[in-house]
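Worksheet for the structure shown next.
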Amino acid sequence: MTKKITIRKADAKDIPAIIVLWKELMDFHKKLDSYFTRSAMGHKRFADYLKKHIHSRNFRVLVATDEEQMVGYCLTKISKYPPVYKKQKYADIFDLAVTKKYRGCGIGTMLIKSVLQWCAKRNISCFEVRYSTKNEMSSGFWSKMGFRPYLKTAFLET
Ligand SMILES: CC(C)(COP(=O)(O)OP(=O)(O)OC[C@H]1O[C@@H](n2cnc3c(N)ncnc32)[C@H](O)[C@@H]1OP(=O)(O)O)[C@@H](O)C(=O)NCCC(=O)NCCS
């Protein structure tokens, strides 16, 4: 591991490598909770979604690379709160993943700092993320980034 990490905006050519990380992210979560089981075509659907939005104004797809190897990515979308709230826009962080071998050396922090900078230029100061209650790694990470829980999502399967 060389650890000469670069954070940059993703391009369409990065999608296959992002999909590899996405599968790792999903399968990591599936071990914690079967809710996160991917569908047979899930990777294809996600690739199509990325292809459609990767250059959209309201999306920010970042990748972390070590030389040529992609080791992490982060997907953020600018969303609107319902018009009953004083706050209007927020950055919704959909995905954040660092490949196992590279975790714990600051790459997740670099990705989120880059998202915060991009949002600051757009006068966006609210950020949201959803993470599994079973994922202690992510609760530790988001807490360190300054995020505080404010909602609980409940799930029922009949
Ligand atoms: C969560 C994740 C993105 C964090 O990225 P990372 O590069 O490993 O994190 P960093 O090295 O920047 O760590 C920053 C802080 O997060 C916290 N953290 C990191 N790993 C942690 C762990 N295993 N347990 C608890 N807290 C942890 C620590 O407070 C750490 O600060 P410190 O190094 O001063 O102790 C990465 O570990 C990952 O991809 N995990 C698997 C997938 C996942 O959980 N994704 C998030 C879904 S919302």
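Okay, here's what the table says:
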quantity	calculated
Solvent-accessible heavy-atom area per residue, rounded to whole Å², over the chain at 1.4 Å	67
Percent carbon-and-sulfur accessible area, region 38-139, ignoring ligands, DNA and RNA, probe 1.4 Å	51
Region 43-158, relative contact order [Cα under 8 Å, separation at least 6], %	18
Nearest-10 value in Å² for the accessible area of Cys105, using the 1.4 Å probe	50
Computed magnitude of the charge dipole of region 33-158 (debye, nearest 20; Cβ of K, R +1, Cβ of D, E -1)	520
Backbone HN-Hα couplings from phi across region 9-18 [Karplus 6.51/-1.76/1.60, Hz, Gly and Pro as x]	5, 7, 10, 4, 5, 7, 4, x, 6, 5
Over region 25-89, relative contact order from alpha-carbon pairs under 8 Å, at least 6 apart, %	17
Extension gain from Ala12 to Lys100, taking 0.36 nm per residue of separation minus the Cα-Cα distance	29.3 nm
Largest to smallest accessible area among Tyr81, Tyr73 [probe 1.4 Å]	Tyr81, Tyr73
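The values are calculated or read from the model by the stated rules, or taken from the named source; none is laboratory data. Everything numeric here is computed off the predicted structure, so don't read it as measured data. Quick reminder, even Gly has a Cβ in these numbers, built from the backbone with ideal geometry, and neighbours come from all protein chains shown. Please note that ligands, DNA and RNA were not included when accessible areas were found on the heavy atoms of the full protein model with its side chains. Shrake-Rupley method; radii C 1.70, N 1.55, O 1.52, S 1.80 Å.
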